[in-house]
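Since the structure comes first, as structure tokens, the remarks are kept for the end.
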Amino acid sequence: MALSLTKHNNYRGLYQSKLVSADQAVKVVKSGDWVQYGEFVMQPRELDAALAKRVNELHDVKIRAVTLTMVPEIVKADPKREHFRFNDWHFSGFSRALHEQNLCNYIPITYHEAKKIISEFVNIDVAFVLVAPMDRNGYFNLGTSNSITSYVLDKAKTVIVEVNKSVPVCLGGNSEAVHISQVDYVVESQDNTRLLNLPQVSISDEDRKIAHNVMEKLEDGACLQLGIGAMPNAIGAMIADSGLKDLGIHTEMLVDSFVDMYNSGVVTGKRKQIDKGKIVYTFAMGTDKLYDFLDLNPVCASYPVHYTNDPFIIAQNDKVFAINNAIEVDLFSQVASEASGTRQISGTGGQLDFMFASFRSTGGKGFICLSSTRKLSDGTVISRIRPTLSPGTIVTIPRSLNYYVATEYGIALMKGQSTWQRAEELIKIAHPDFQDELIKEAAQMRIWVRTNKQDA
């Protein structure tokens, strides 16, 4: 007991020796530096605000974040981008709006490769990391965003933690905490702002129909990955009420619907081949319901993304069901999930990782889900299944890796199908108002689509 107490006192002494104000801490940032912010809802607030105050002292400071959940103060302080250059590994609505004003750039990444990319190809001078209060063993928990944070901590020349008492302690897994000995400066939050609660997303009739179609493929013992958005939320709600048995979770993003599934008893993880019984994830975003569920909950296991998103690790589980959204799919079965034309909307994220893994998994299935149409700002309705992707659009899932595509009109299998078979199956699940035109376009592109006449 005496030894433990002595160690604890030493950690507290080390903590006090590194404790500074936010204004003092950000003085380490120099012109030309690369600064890494925390990820998702773990964005540092007070360090960001303190750095913004130094706007006129600095130039060419390059900042990276992952999925902005608020507009950084450094951007507000530098609306002409003369001092700070902001970059995001995965776009949110905030990032997208800044990008359209030329105030943010996207960093392309295949998510599971992040560890090697940061280790070998990325420079980080200073890291701003939001954390939970230090525990008796000298560790700060990284909260809801394990993801790339441990790689950032290893690479950064200077590590500054911003301690917020509202951050839930999210158990691992591994790499879910940083020790006081690895930290250069400690800043205590003055207001301990609660983590961002994502607004409720309205679920359309189309979302429910798509969810129903996918639900018909689900099986007892399936290991789930859900993406973000209304349609995955709809599926989550249906699963919670489904009566399915012994579902497992190995996902990139943990959202509120997983809490509902667990509380309903359909999630046990008993049939998983790895991390049996554990809800595995790399970051979480949702509401206080999710954050309260995560806090000190041993059923949840937070891992860095090179583990959660490695297709070869994911696929060790049987029946991996990966369910994700898309913006467009063309008749060649190429999937666009992150951009429309030259407009960056989100990012590659883990969709590619999990689609690849779902096919490798014994009994696994990967679904790209999208409503058959969308309405433009002028009221025009267009098909999301298109002859070709909109000019300039980035391909997220190449046709060779596409598995299933689901709309409110059904599910189309892509694996093992020729170009004309893929086009035919996609046209079948397109909106009826656009099917004839899609057939004509397919013929013009020399994708030979069978017709009833040809079948006869």
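All of the numbers you see were taken from the coordinates with simple rules; none came from a lab. Values in this document were obtained by computation on a predicted structure and should not be read as measured data. Cβ: placed from backbone, ideal geometry, glycine included. Neighbour counts: every protein chain shown.
Here are the numbers:
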{"read-out": "Projected label distance in nm at E82 and R194, using a 7 Å step from Cα toward the beta-carbon", "value": "4.0"}
{"read-out": "The range 346-456 - convex hull of the alpha-carbon atoms, volume per residue in Å³", "value": "131"}
{"read-out": "Least to most buried among L438, L226, L14, L142 (fewest other Cβ within 10 Å first)", "value": "L14, L438, L226, L142"}
{"read-out": "Part-to-part distance (alpha-carbon centres) for the range 223-258 and the range 156-202, which is given in Å", "value": "26"}
{"read-out": "Sequence of T342, T158, T282 once ranked by neighbouring C-beta atoms within 10 Å, starting from the fewest", "value": "T342, T158, T282"}
{"read-out": "Assigned charges on the beta-carbon of Lys, Arg, Asp, Glu; the chain dipole about Cα centre (debye)", "value": "660"}
{"read-out": "Within straight-line cross-link reach of K278, lysines at Cα separation under 17 Å, skipping those fewer than 8 residues along the same chain", "value": "K245, K270, K319"}
{"read-out": "Beta bridge orientation in the range 2-188: antiparallel %, DSSP, nearest 5", "value": "10"}
{"read-out": "In Hz, Karplus ³J(HN,Hα) per residue of the range 108-113 (6.51, -1.76, 1.60; θ = phi - 60°; x = Gly, Pro)", "value": "x, 7, 8, 4, 5, 8"}
{"read-out": "Stretch gain in nm, segment S242-S17, where the contour uses 0.36 nm per residue and the Cα spacing is subtracted", "value": "75.6 nm"}
{"read-out": "Computed E for E113/V71 - FRET, C-beta separation, R0 25 angstrom, nearest 0.05", "value": "0.30"}
{"read-out": "Hz values of 3J(HN,Hα) by residue in the range 278-291 - Karplus curve (6.51, -1.76, 1.60), Gly and Pro given as x", "value": "9, 8, 9, 7, 10, 8, 10, 9, x, 10, 4, 4, 6, 5"}
{"read-out": "Cut-off under 5 Å, modelled amide H: who pairs with T158 long-range", "value": "V126, A127"}
{"read-out": "Size of the range 2-188 as Cα extents on the principal axes (Å, biggest first)", "value": "59, 36, 30"}
{"read-out": "Sparse-neighbour loop sites [GluC sites (Glu not before Pro); the range 191-297; at most 16 other C-beta within 10 Å; DSSP]", "value": "E216, E219"}
{"read-out": "In Hz, Karplus ³J(HN,Hα) per residue of the range 142-149 (6.51, -1.76, 1.60; θ = phi - 60°; x = Gly, Pro)", "value": "7, x, 7, 10, 6, 6, 9, 4"}
{"read-out": "Percentage of interatomic Cα-Cα distances in the range 205-455 larger than 32 Å", "value": "22"}
{"read-out": "Convex hull of the range 291-391 built on C-alpha atoms - directionally averaged projected area, nm²", "value": "9.1"}
{"read-out": "Antiparallel DSSP beta bridges within the chain, as percent of all bridges there, nearest 5", "value": "25"}
{"read-out": "Distant-in-sequence amide H partners of I279 (H built 1.01 Å from N, under 5 Å)", "value": "C300, A301"}
{"read-out": "Estimated inter-spin distance, D205 and N9, nm [label 7 Å along Cα→Cβ]", "value": "7.2"}
{"read-out": "Neighbour-count order for V395, V266, V66, fewest beta carbons within 10 angstrom listed first", "value": "V395, V266, V66"}
{"read-out": "Expected 222 nm ellipticity per residue - DSSP helices of 4 or more, -39500 (n - 2.57), all of the chain, to 500", "value": "-8500 deg cm²/dmol"}
{"read-out": "Estimated translational D of the range 146-274 in µm²/s (Stokes, Kirkwood radius over Cα pairs; 20 °C; 1.002 mPa s)", "value": "123"}
